[in-house]
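The values are calculated or read from the model by the stated rules, or taken from the named source; none is laboratory data. The structure displayed is predicted, hence computed values, not measured ones. Cβ atoms come from the backbone with ideal geometry, glycine included; neighbour counts cover every protein chain shown. Each accessible area value is taken on the protein alone, full model and side chains, heavy atoms only, with ligands, DNA and RNA left out. Shrake-Rupley method; radii C 1.70, N 1.55, O 1.52, S 1.80 Å.
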Amino acid sequence: MKLAFVVHTVYPDFIGGREHHIHHLARAFAKDHDVVVIGGGKVRRAIETKVDGYRLLRLPMFSVTVSRNPLQIYRFIPKLSYFLKRED
């Protein structure tokens, strides 16, 4: 079975609870399935690597401020839909 995890930010570029959780899930599922993790990373172009048995597709992203609160910063991944379609 082919599984895709789509997340806002990915390990190892970002290290937090969400990133570690997805990393551990993907690693566990990769023992029996074809797993790809797709998400934003600190990269200038799309980079695909192999991490602990699963494929990691790190996509460039940029920050967008959507309010006057400086802590309210969102990230946008422009080509996400293209890479999702490519993974079928």
**Asked** To the nearest 10 Å², what's ARG27's accessible area with a 1.4 Å probe?
**Response** 90
**Message:** Keeping all protein chains in place and using 1.4 angstrom, which order do TYR82, TYR54, TYR11 fall into by accessible surface area, from largest down?
**Reply:** TYR82, TYR11, TYR54
**Prompt:** What does the charge dipole of the stretch 1-49 about its Cα centre add up to, to the nearest 20 debye, if the Cβ of each Lys and Arg holds +1 and the Cβ of each Asp and Glu holds -1?
**Reply:** 120
**Message:** Taking only the Cα atoms of the stretch 1-49, how large is their convex hull per residue, in Å³?
**Reply:** 67
